[in-house]
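Inspection log for the structure reproduced underneath, given as structure tokens.
We did not get these values from a lab; they are worked out from the coordinates using the rules stated. Note that the structure is a prediction, hence the values are computed from the model and not measured. Neighbour counts are summed over all protein chains in view; Cβ atoms, including those assigned to glycine, are modelled from backbone coordinates with ideal geometry.
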Amino acid sequence: MTGDPRLVVISNRVAVPKARGAAGAQGGLAGALHAALKDRKGLWFGWSGEESESGRTGHIDTQTSDGVTTATLDLSQRDIDEYYNGYANSTLWPLFHDRLDLAEYERETAKGYERVNERFAELGAPLIDAEDIVWVHDYHLIPLGERLRSRGLKNRIGFFLHIPWPATRMFVSLPYHERLVRTLLFYDVVGFQTQEWLESFLHYCENELRAEVDKASGTVTFEGRTTIARAYPIGIDWEHFSKLGENGEARQAQQRLISSTRRRIAMIGVDRLDYSKGIPERIDGIGRFFDKNPESIRDLVFIQIAPPSREDVGSYQEIRAALEQKCGQINGARSEVDMVPIRYVNRGYSHAELFGFFRGAKIGLVTPLRDGMNLVAKEYVAAQDPEDPGVLILSRFAGAAAQLKDAVLVNPHSPDDIAHAIRIALDMPLDERKRRYEKMIATVRDDNVQNWTRDFLRDLSEA
Ligand code: G6P
């Protein structure tokens, strides 16, 4: 990569080395950005995840590990409440995941969001050299590009949205929606996970903002500036992940799963504990399967790994309580002294352990109600034994469904559909499992995170 300009990545969440054991807890963004940066010796700037007043004095903590230099700032409690728990995760996240019922519109948190974005610009701008290429990530930092430009930065600046972009009729419920989109058009390139989210964005630009949209070239022209807007589906770090099978930790995890489930067939779900992931709906589907197939109850076990997330946000506390109750109900009604149908685990595991669990599970259930991409779906496929692959049951509402068409696609809202998909998966002959796996693995291998980075940065440098 010598000769390339330095890459500066800016995101709210930074994968600090000490947190790397909890792959599931960090979500896809942190892992993908770590992979994208590690070959380029770039700089990664963002929130430390810590609360203190030191960010106000301009203190930035810098460390280098695995070739990645991270520069992080702390946020004050007020900033965390208004910007992270508030506007980002109680307004934008639910709205962008079609949960208008959960979206809160508070002036104070909107102001906090702008204030923290300004803070990121103030502390970030001095870290950026004139030749650097700057790549901003996700819904926490939409206005950052415009804030950096207002400080005179002339660099190429790109933005990637890791979550869906909502339909225009939903998006316009956001007060000052136009202001948010105007700031997006200060970037040189704006990337989305799928064609569907891109089209929703272009629809807004054309019909609400009255910008000039050229769908063929993927550009939006507004007030004299042109922004490239395209879909760049994110992938996994194939090089790294596919080799985890050789790792002792992965083998041990697989063995642990197999020996603890004895002859039962293991089904697995791994998600941050988030209402967008459809976990209670998934459990309902499993309950429905048991209702219809009571003779199967001793042959199956469902393992749900769900590390808690955003624990200070009310809707996350509610989903956690609802899920605990649901798992308790099903297990109470269906367990025997020597058998529990659902194992519900509130902790994160390393990538190697997850690899082992995925390989040991004959069915992977990835059934979000809405999801930008979902890398767990891709990791499940990548961890399978090519000679005896498991079956992926995937929500049609995950961005990944546009690529993994050979999964068993389901409507995650329908318990009957999920129950039916489990039946299909259990009955699927080996040759069909292999055929589907081979098609999916080609996509997972080729549309990997390195190619995602390459494609986005190529457009950004040519912009
Ligand atoms: C999703 C978001 C990321 C976020 C991750 C984990 O993947 O797109 O921006 O980092 O969830 O959530 P958290 O709030 O813990 O950063």
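Structural remarks
- Residue exposure sequence - THR443, THR70 - by fewest surrounding Cβ within 10 Å: THR443, THR70
- Rounded is the label for the stretch 175-231. Its Cα gyration tensor axes, ordered a ≥ b ≥ c, give a/c under 1.5.
- Extension gain, GLU336-SER461: 0.36 nm per intervening residue step, less the Cα-Cα distance, totals 38.9 nm.
- Mean sequence separation of contacting Cα pairs (under 8 Å, at least six apart), scaled by the length of the stretch 187-286, corresponds to a relative contact order of 23 percent.
- The angle between the Cα long axis of helix 351-360 and the main principal axis of the chain comes to about 30°, on a 0 to 90 degree scale.
- Computed about the Cα centre, the dipole magnitude for the chain is approximately 700 debye when only Lys and Arg (+1) and Asp and Glu (-1) carry charge, each at its Cβ.
- Crossing angle, helix 195-207 versus the chain [Cα axis fit, 0-90 degrees, rounded to tens]: 40 degrees
- Listed residue (THR62, HIS203, ALA361) projecting farthest to the positive dipole end of the chain, Cβ model: ALA361
- Over 27 Å between alpha carbons, listed pairs LYS326/LYS362; LYS215/LYS405; LYS41/LYS277; LYS292/LYS362; LYS215/LYS434: LYS41/LYS277; LYS215/LYS434
- Size of electric dipole in the stretch 238-446: Cβ of Lys, Arg +1 and of Asp, Glu -1, about Cα centre, debye, nearest 20: 140 debye
- Against the chain, whose longest principal axis comes from its Cα atoms, helix 23-38 is set at around 50 degrees.
- For the stretch 256-312, the list of trypsin sites (Lys or Arg not before Pro) that fall in a loop by DSSP and count at most 10 other C-beta atoms within 10 angstrom reads ARG262, ARG263.
- Amide N proximity, the stretch 258-289 versus ASP416 label position 7 Å along Cα-to-Cβ, cut-off under 14 Å: 285, 288-289
- Distance from the C-alpha centroid of the stretch 383-460 to that of the stretch 252-320: 18 Å, rounded to the whole angstrom.
- For the stretch 45-91, the square roots of the Cα gyration tensor eigenvalues, ordered a ≥ b ≥ c, give a/c of at least 1.5 with a/b no greater than b/c, which places it in the oblate category.
- A quarter of the convex hull surface defined by the alpha-carbon atoms of the stretch 201-279 gives 9.9 nm² as the mean projection.
- Rg ratio for the chain: its Cα radius of gyration over 2.2 N^0.38 Å, N being its residue count, equals 0.97.
- Residue exposure sequence - LYS326, LYS439 - by fewest surrounding Cβ within 10 Å: LYS439, LYS326
- Dipole size of the stretch 385-435 about its Cα centre, with +1 on Lys/Arg Cβ and -1 on Asp/Glu Cβ: approximately 220 debye, rounded to the nearest 20.
- Of the residues HIS177, PRO429, ILE342, the one whose Cα sits farthest towards the positive end of the charge dipole of the chain is PRO429 (charges of +1 on Lys and Arg Cβ, -1 on Asp and Glu Cβ, taken about the Cα centre).
- When the chain is described by a simple charge dipole with +1 on each Lys and Arg Cβ and -1 on each Asp and Glu Cβ, the residue from SER217, SER309, THR261 located farthest towards its positive end is THR261.
- Taking a ≥ b ≥ c as the square roots of the eigenvalues of the alpha carbon gyration tensor, the stretch 238-446 is rounded, as a/c is under 1.5.
- Contour minus Cα-Cα distance for GLN252 and ASP39 (0.36 nm per residue): 73.8 nm
- Estimated 222 nm signal from helices in the chain, with DSSP H stretches of n ≥ 4 weighted -39500 (n - 2.57), rounded to 500: -12500 deg cm²/dmol
- MET339, MET267, MET373 arranged by Cβ crowding within 10 Å, fewest neighbours leading: MET339, MET267, MET373
- Restricting the calculation to alpha carbons of the stretch 48-172 gives Rg and Dmax of 15.4, 44 angstrom.
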